Amino acid sequence: MYKKILVPLDGSKLAECALPHVEELARGCGTEEVILVSVTERVPGYRAFEDPSQPSGQRLVPEAAGKKEKPAERYLGRIAKAMKGKGIKVDTEVLLGDPAEEIVSYAKYPGCDIIVMSSHGRSGPSRWAYGSVADKVFRASCVPVLMVRAPGCIPGI
């Protein structure tokens, strides 16, 4: 039923609470691919571009880069390796931009069947103050979302 599962991870132990659920879904549903994604903020930067018309032979061109792109790649690689060791086919992707927007957008592109992610389980003023990527994804996604609550979470009234 769930051939492609998208799993947003931010490097926190909380986000990793979704992984046991993902592994069970993948085994039980004959999942073809689990895609682990991490979203890092986009920062403006420049890269050197070969340009023989310039005296230096190079020209700097604007290019957005991920602030923590390389650490995110290493982190996802470690998680993917552990899942592959359990017989699950895993791919990784580091996205640049607003986390909720990028997750929702990415889920549409490769045709993901479900998004599985953890939530802090905040309610009331703390949710308003901090916002909730999970809540934004849940409200904006046309793809089904399985939300995993943090262990020890006490639901608000």
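Where a number appears in this text, it was derived from the coordinates with a stated rule and is not lab data. Just so you know, these numbers come straight off a predicted model, no measurement behind them. Note that each Cβ is placed from the backbone with ideal geometry, even for glycine, and that neighbours are counted across all protein chains shown.
How do the peptides 93-106, 72-85 rank, highest first, by the average count of neighbouring beta carbon atoms within 10 Å per residue? List each step's numbers first, then the result.
Working: 93-106: 18.7, 72-85: 14.8.
Descending mean neighbour count gives 93-106, 72-85.
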With label points set 7 Å from each Cα along the Cα-to-Cβ direction at GLU16 and GLN58, the distance between them in nm comes to 3.8
